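**Student:** Mind looking over this structure? Questions follow.
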Amino acid sequence: MDLTLLYRGPLASCDYDCPYCPFAKRRDTTAQLRADRAALERFTDWARSRSGEDRLSLLFTPWGEGLVRSWYRRALVDLSHRPHVERVAVQTNLSCRTDWLAEADPATLALWCTYHPGQTPYDRFLAKLRDLADRGIRHSVGIVGLPENLEHARRLRAALPSHVYLWVNAADGHTYGDAEADMWTALDPLFPYSRHPHRSAGLPCRTGESVISVDGDGTVRRCHFVRAELGNLYDGSYRTALGPRPCPLTTCDCHIGYVHLETLPLYDVFAGGVLERVPAAVSRPVGRPGVDLPDPTGTL
């Protein structure tokens, strides 16, 4: 079976204090960190054990920042060398050091990096991105589409190689007029997909069939946003629940959710890079003349 898993353990601490994030500067206790480490190691052991059974793609989506914790770095390195793991990726603010990546397989490991202006010096963040490129680590870079971030995004786009995708997430609760949306779309031609929530009620979605969400206890759900349980990863009870099913929610407004909607063309747009949010067009300048990307206006 080809199976994509989004793993989110109990970790909820972050070293940044972004004003829009409920986990800003949150500190986990020693006991909570030990529990998160044990949960991650259990998940990693399970993933290793699927050799010869499943072909896995794994995305770590911690509420907090995982890569400042040694157990996340070790898990990524370990899993990147497993032949049955097609991709292992993580969402990160890239505040960690990057020398540990020398031990990983760059053909398998990838990073989904978010730039937070005001939380880290621009030059430091850019230097880490250049180190990723020098190491051959696949990565995308993004920013939240707040008005105060526009000039930061333009500066970053100008500094990045043309083949590195800069994505823009629409800010929660922010309404984008056409003129403002056009400014963000000039930086990220796929921004229209993020601008509005997608209607999803009753529509086919890969989650629950070939894509599942797993928490620290091994509870399996179709995605992070649908609370109904499909079973448990570790006793195998989830397997009989896998199958095609329509989305039960009215809308889907998060990339890690709507990217799996079958009514959107995003598996083609991100072919080979769905987990790390790297479009197939990155071999050419993204959003520049001569690069055709689907028009999302008819699917919002």
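**Student:** Calculate the tail of P(r) for the chain: the fraction of all Cα-Cα distances greater than 34 Å, expressed in %.
**Tutor:** Considering the chain, 17 percent of its Cα-Cα pairs are separated by more than 34 Å.
**Student:** Once phi is turned into θ = phi - 60°, what whole-Hz ³J(HN,Hα) does the Karplus curve with 6.51, -1.76 and 1.60 give for every residue of region 257-269, x standing for Gly and Pro?
**Tutor:** x, 6, 4, 8, 5, 6, 7, 9, x, 6, 5, 7, 4
**Student:** Give me a comma-separated list of calculated 3J(HN,Hα) values for region 117-127, in order, Karplus coefficients 6.51, -1.76, 1.60 applied at θ = phi - 60°, integers in Hz, x for any Gly or Pro.
**Tutor:** 3J(HN,Hα) across region 117-127, in whole Hz: x, x, 9, 8, x, 4, 4, 5, 4, 5, 4.
**Student:** What accessible area per residue, rounded to a whole number of Å², is obtained for region 210-281 using a probe radius of 1.4 Å?
**Tutor:** For region 210-281, the solvent-accessible area averages 39 Å² per residue.
**Student:** Now for a separate question. Mind checking which of VAL77, VAL269, SER237 is farthest towards the positive end of the chain's charge dipole, using Cβ charges of +1 (Lys, Arg) and -1 (Asp, Glu) about the Cα centre?
**Tutor:** So the residue furthest toward the plus end is VAL77.
**Student:** Write down the accessible area per residue of region 1-156 in Å², having rolled a 1.4 Å probe over the full set of protein chains.
**Tutor:** 44
**Student:** If you take the beta carbon distance between HIS81 and ARG130 as r and set R0 to 22 Å, what does 1/(1 + (r/R0)^6) give as a FRET efficiency, to the nearest 0.05?
**Tutor:** The pair HIS81/ARG130 has a calculated efficiency of 0.35.
**Student:** In terms of modelled amide H atoms, which long-range or inter-chain residues lie less than 5 Å from the amide H of THR4?
**Tutor:** Placed amide hydrogens put SER57, VAL211, ILE212 under 5 Å from THR4.
**Student:** What 222 nm value per residue comes from the helices of the chain, counting each DSSP H run with n ≥ 4 as -39,500 (n - 2.57) and dividing by all residues, nearest 500 deg cm²/dmol?
**Tutor:** Computed mean residue ellipticity for the chain: -7500 deg cm²/dmol.
**Student:** Taking Rh as the Kirkwood radius, which is the inverse of the mean 1/r over Cα pairs, what is the Rg/Rh value for region 109-256?
**Tutor:** With Rg and the Kirkwood Rh in hand, the quotient comes to 1.05.
**Student:** Also: For region 95-112, in order, what is each residue's ³J(HN,Hα) by Karplus, 6.51 cos²θ - 1.76 cosθ + 1.60 with θ = phi - 60°, in whole Hz (x at glycine and Pro)?
**Tutor:** The phi angles translate into 7, 6, 5, 10, 5, 4, 5, 4, 8, 8, 8, x, 6, 10, 7, 8, 10, 10 Hz.
**Student:** Moving on to the next point. Under the rule of at least 5 residues apart or a separate chain, name every residue whose amide H is placed under 5 Å from the amide H of HIS198.
**Tutor:** CYS252, ASP253
**Student:** Which far-off residues, 5 or more places away or on another chain, put their amide H under 5 Å from the one on GLY142, with H placed in the peptide plane?
**Tutor:** Close amide H contacts, sequence-distant or interchain: CYS113, THR114, TYR115, TRP167.
The values are calculated or read from the model by the stated rules, or taken from the named source; none is laboratory data. Since the structure is predicted, the reported quantities are computational estimates derived from the model, not experimental observations. Every residue, glycine among them, receives a Cβ derived from its backbone with ideal geometry; neighbour counts consider all protein chains shown. We work out accessible area using only protein heavy atoms, side chains counted, and drop any ligands, DNA or RNA first. Shrake-Rupley method; radii C 1.70, N 1.55, O 1.52, S 1.80 Å.
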